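The values are calculated or read from the model by the stated rules, or taken from the named source; none is laboratory data. The structure presented is a predicted model; accordingly, all values stated were derived computationally and were not measured. Here the Cβ positions follow ideal geometry from the backbone for every residue, glycine too, while neighbour counts run over all protein chains shown. We work out accessible area using only protein heavy atoms, side chains counted, and drop any ligands, DNA or RNA first. Shrake-Rupley method; radii C 1.70, N 1.55, O 1.52, S 1.80 Å.
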Amino acid sequence: MPSLSFWGAAGSVTGSKYLIESNRARVLIDCGLFQGGHELRDRNWQEPPFDAAAVDAVVLTHAHIDHTGYLPRLVRHGFRGPVYCSRGTGDLLKILLPDAARLQEEEADYRNRHKITKHLPALPLYTEQDARETLKLIQVVPNTGQTIQVAKGITSEFRIAGHILGSSQVLVHVGGEPNEQGVRVLFSGDLGKYNQPIIRDPVAPPACDYLVVESTYGNRLHDVEEPKVALERIIKDAAQHNGAVLIPAFAVGRAQEILYVIRELENEKRIPILPVCLDSPMAAAATQAYARRTEEQDRDYADALKTNPTPLRTHSMLACSTRQESKRLNDLKDARVIVAASGMMSGGRILHHALRLLPDENAVVVFVGYQAAGTLGRRVADGDKQVKVLGQWVPVRCRIEKMGGFSAHADWKEVVRWLEGMPAAPRRVFVTHGEPEAAQAMATHIHERFGWEIEVPQYGERFELV
């Protein structure tokens, strides 16, 4: 009898890993890094909770590191099977995985040089070479609902989820014995909002027996203030006070939307043209990938490309590809906008900007996406007056802005809207990828609207798919 077990994004919003096992194969859906507090991050360093070498294939819903960043570690532990994903996800993984490894190597080097490590020496979770070995296993498939065999007796279908470029909702069919029908398990992945810029809306879900649905915003709705209006207000204020705007943004998805909106505001002469610094080689490369994948672009973005070949580039933009270029940003004194990864301030170049700008009363830090519990971004967003950055305690004197309208996640009403398109009721729904309060709230919303049987699985919990 097939089973489904939960080894991430259960009781938390990161580390997505769902293992399907049948009598013929084992397939892992997503393979993400844990982010947040030490208890979660320590799981990345532990032995995998299942035999990596015995996994026949990995299927990815999208490229974000909390869904893919554990892959090189899985390979280190013996996984050698194919990794199936959409073309857009494959494009982004070529950028994200080596960059994630490079950032880990840089941070380990920084901690060793400045002697701010509990481990001697500090080591990266994996290296850039590990990431490149992992990329050899990638097999791209259409994001159009075509049936793909991924292991013995197991097929998958990928459909647009509208979260970021290449994001997919994945229907996995686990075949039964010759006289049995088998079971269908639908993984929502991360669902995007409706009517967001650049990429297409999520398509309606197909029929399934079991549903695994995200709940990042299961207990919240997005801000009423339209994100374009909010960004206009913030940039105008920065120009008036000659201050810096620091935007922690995921290099894939959020960064591109922000650049697109700033460019629109500039073209409409609603904001002054300020230097816009994109301090993330990964984001710069991902921006090019967005321009190439025309099959996932929405109509407005496709129309914009006809008249402007660079709608994701502002009128005064600097893309920092090296650490030296990033450091030179600290010499700038006038009003400016810095867009840097990571989106939850959990690592990367954003930390060096945070050291300098969090104590600056004229600066503003703008949160445009979800901040997981235990991350530096969550502590700053929650109003902590002092935080620890790269081993140093720094005061938080800057102004804080939160813009939920830029989130790439559907809120709970949009998830319900997506579920309303399902052809028939599933036997059971598993609510994942949310902090406990959000997951429980999402379960309540779904049960009240549809009356479906709901489970909120815990880490390591296993269910038979009868």
task = Could you check the simple spin-label distance between K388 and E361, using points 7 Å along Cα→Cβ, in nm with one decimal?
result = 2.9 nm
ask   = Using 7 Å Cα-to-Cβ label points, what is the A54/I148 separation (nm, one decimal)?
value = 2.6 nm
inquiry  = Taking the 0 to 90 degree range and rounding to the nearest ten, how far is the long axis of helix 254-267 tilted relative to the main principal axis of the chain, both from C-alpha atoms?
reply    = 50 degrees
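Per DSSP helix of 4 or more residues, -39500 (n - 2.57); summed, then divided by the residues of the chain. What does that give at 222 nm, rounded to the nearest 500? Let's see the in-between values first.
Values: 14 runs with 146 residues, N = 466.
The helix-only estimate for the chain comes to -9500 deg cm²/dmol at 222 nm.
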ask   = Of the beta bridges DSSP finds with both residues in the range 358-428, what % are antiparallel, to the nearest 5?
value = 50 percent
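Counting heavy atoms of the protein chains only and a 1.4 Å probe, report the per residue accessible area for the chain as a whole number of Å². Walk me through the numbers on the way to the answer.
On the way: 18770 Å² over 466 residues.
That works out to 40 Å² for each residue.
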Solvent-accessible area, 1.4 Å probe, carbon plus sulfur percent, for the chain = 48 percent
query = In the range 354-434, which GluC sites (Glu not before Pro) fall in coil by DSSP and have 12 or fewer other Cβ atoms within 10 Å?
reply = E361, E420
request  = Output the antiparallel fraction of DSSP beta bridges having both residues in the range 268-400, as a percent to the nearest 5.
outcome  = 30 percent
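Please list, by residue number, every one of the trypsin sites (Lys or Arg not before Pro) in the range 263-293 that is coil in DSSP and has at most 13 other beta-carbon atoms within 10 Å.
Details: sites: R263, K269, R270, R292, R293; in loops: K269, R270, R293.
Answer by residue number: K269.
Assuming R0 = 25 Å, what is the FRET efficiency of F450 and Y194, from their Cβ-Cβ distance, to the nearest 0.05? Present the calculation step by step, with values, prior to reporting the outcome.
On the way: r = 19 Å, r/R0 = 0.76.
After rounding to 0.05, the efficiency reads 0.85.
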key: Environment charge at G460 (Cβ cut-off 12 Å; Lys +1, Arg +1, Asp -1, Glu -1)   = +2
message = 5 Å is the cut-off here: which amide hydrogens, built 1.01 Å from N in the peptide plane, fall below it relative to A319, excluding neighbours closer than 5 in sequence?
response = L278
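Please give me, ordered by residue number, the chymotrypsin sites (Phe, Trp or Tyr not before Pro) of the range 69-117 that lie in loop per DSSP and have at most 14 other Cβ atoms within 10 Å.
Working: sites: Y70, F79, Y84, Y110; in loops: Y70, F79.
Sites meeting the loop and neighbour criteria: none at all.
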inquiry  = Starting from 0.36 nm per residue, how many nanometres of slack lie between E268 and R323 once their C-alpha separation is accounted for?
reply    = 16.5 nm
Share antiparallel - DSSP beta bridges, the chain, percent rounded to 5 = 45 percent
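Report the number of Lys pairs in the range 192-318 whose alpha-carbons are under 18 Å apart, with separation of 8 or more residues or on distinct chains. Don't jump to the answer; show the numbers that get you there.
On the way: K193/K228; K228/K236; K228/K269; K236/K269.
Total qualifying Lys-Lys pairs in the range 192-318 comes to 4.
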key: Acute angle (nearest 10 degrees) that the helix 227-241 long axis makes with the longest principal axis of the chain, alpha-carbon atoms   = 20 degrees
request  = Please report the relative contact order for the chain, taking Cα pairs under 8 Å with a sequence separation of at least 6, and give it as a percent rounded to a whole number.
outcome  = 20 percent
